[in-house]
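Working notes, structure below.
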Amino acid sequence: MTDQTSNQMWGGRFAAGPDAIMEAINASIGFDRRMAAQDIAGSRAHAAMLAATGVISDSDAQAIREGLLTVLSEIEGGTFTYSTALEDIHMNVEARLKDIIGEPAGRLHTGRSRNDQVATDFRLWVRDQLDAADAGIVALLRALLAQAGAGANWVMPGFTHLQTAQPVTWGHHMMAYVEMFGRDLSRVRDARARMNESPLGAAALAGTSFPIDRDMTAAALGFDRPCANSLDAVSDRDFALEFLSAASICAMHLSRLAEELVIWSSAQFRFVALSDRFSTGSSIMPQKKNPDAAELIRAKIGRIFGANTALMMVMKGLALTYSKDMQEDKEQVFDAADSLMLALAAMEGMVRDMAANRDALAAAAGSGFSTATDLADWLVRVLNLPFRDAHHVTGTLVAMAEKRGCDLPDLPLADMQSVHAGITQDVYSVLGVENSVNSRMSYGGTAPAQVRAQIARWKEKLG
């Protein structure tokens, strides 16, 4: 494919081919070749519609269909030759189609433009990524549910400020991430429903005078309906921005969980052991088992955030309709999608394989005066103290235990009564971590019965 071929594709307006610098800045084939399958699907739907409406002959449509299948097989087989001179995947496919079937290839572009063609291809590609993200999130949710079910009644410390706060259960902590990724799943599905409109047939920006059937092409490509405004159809990239926005929030959740896995798998915590499949060793320290997969997830998230910001910056100053700036809409989305899918798969594997250390979790749950709030609640509930007074009494008892180097359940009753005479032996019934978590029966609380109810709800929801 020569520059002369490129000139023919551009049309008679340009007498000479672009120089090397212009070719380099103008070409997108280096990255938009990833949309080859979507481009050919769109062209097949368009050609079938053109034949059905009488715009082109059935024989031309048949030749186009068979030629496009040949092009697709060459691309999938790795024998297709891409040309930078032809700028993008759309022109590369069309030029090869002409090589294969000759004159009928020139009729394929009737009633459409590269503007609506690329908008359609890109929507199809992003829709595929939303479907892939959906599957990845569901797999991660199932892995988290399995962990939650296995440890629904295992006690562990709950943290605020990364300081021991109150006892919770392992299952409850896992279910917190189920809720987070569940919202991500909702966002992905919501975005897919909103973006599922077809730009094909909007042409350059104003529609076309040919008697096309946009409902037919929309249905053939799995869209719910055609885009209702041709100007918006070719200039909209909200679908890509919404994908990046949903991906960014999901990525943030992945990074938070990755951070916890890094902390929990450390020798200082020993809350979890990650499998060898998602860990590496040290080149000089044989005792090390590094949570590299979690660390890389935590780092890759920045690429997704950056893509979201980059595309916002591309789109923020563009007047309607299409501008060449919009060629910069794809690389960031491609990279973000790759990073998200890899991070989801790695996190699902880590969560599925990891082993929680029940003994270490329980030991940590009972440290750091984690049942202090239970003591304050008992003073309110049993002795009818105002909560602020109960808070003060509890704080005094915590200081006493801290000074003696023991925890609250280890304080003798007489010492507790020296702070408040009304305290009775019954107070010890709330100072154990097991009693603490079992008492948190409010909806959404950490009590094992509540955790199991939430697990059942989510399993039913996922089917």
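Here are a few things to note about the model shown:
- Total residues in segment 364-410 satisfying the condition of being open to solvent by 70 Å² or more (accessible area, probe 1.4 Å), free of Cβ contacts under 8 Å to residues at least 24 places away in the same chain and not in a loop (DSSP other than H, G, I, E, B): the figure is 9.
- Scope segment 88-106; condition buried (at least 16 other Cβ atoms within 10 Å of the Cβ) and out of contact with any helix residue (DSSP H, G or I) (no Cβ under 6 Å at 6 or more places or on another chain); matching residues: GLU94
- Of the criteria (1) open to solvent by 40 Å² or more (accessible area, probe 1.4 Å); (2) in contact (Cβ under 8 Å) with a residue 12 or more places away in the chain, which one SER186 fails: (2)
- Residues being among the β-branched types (Val, Ile, Thr) and not in a helix (DSSP H, G or I) are entirely absent from segment 323-343.
- When residues of segment 320-345 are limited to those that are among the small types (Gly, Ala, Ser) and open to solvent by less than 20 Å² (accessible area, probe 1.4 Å), the one nearest to ARG277 (Cα to Cα): ALA343
Rundown of residues vs (1) closer than 25 Å to ALA364 by Cβ; (2) assigned to a helix (DSSP H, G or I); (3) modelled with pLDDT of 95 or more, yes/no style:
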position	(1), (2), (3)
HIS253	yes, yes, yes
ALA258	yes, yes, yes
ALA267	yes, no, no
MET285	no, no, no
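- Any hit, segment 178-198, residues being under 26 Å from the mean Cα position of the chain (by Cα) and within 15 Å of SER370 (Cβ to Cβ): no
- For segment 143-193, taking the residues that are out of contact with any His (no Cβ under 9 Å at 6 or more places or on another chain) and basic (Lys, Arg), the one that is nearest to ASP224 (Cα to Cα) is identified as ARG192.
- When ARG457, ARG452 are screened for being free of Cβ contacts under 8 Å to residues at least 60 places away in the same chain, assigned to a helix (DSSP H, G or I) and open to solvent by 80 Å² or more (accessible area, probe 1.4 Å), only ARG457 passes.
- Selected residue (criterion: surrounded by the most Cβ atoms within 10 Å (Cβ to Cβ)) from residues of segment 113-153 that are polar (S, T, N, Q) and closer than 22 Å to ARG187 by Cα: THR120
- Residue that is modelled with the lowest pLDDT [pool: residues in segment 20-55 that are surrounded by 17 or more Cβ atoms within 10 Å (Cβ to Cβ) and not in a helix (DSSP H, G or I)]: ALA27
- Subset of segment 417-442 [within 23 Å of PRO157 (Cβ to Cβ) and in a helix (DSSP H, G or I)]: VAL427, TYR428, SER429, VAL430, LEU431, VAL433, GLU434, ASN435, SER436, VAL437, ASN438, SER439
The values are calculated or read from the model by the stated rules, or taken from the named source; none is laboratory data. What you are looking at is a predicted structure, and each value in this text was computed from that prediction instead of being measured. So basically every Cβ, Gly included, is an ideal-geometry build from the backbone, and we count neighbours across all protein chains shown. Heavy atoms of the whole protein, side chains included, go into the accessibility calculation; ligands, DNA and RNA do not. Shrake-Rupley method; radii C 1.70, N 1.55, O 1.52, S 1.80 Å.
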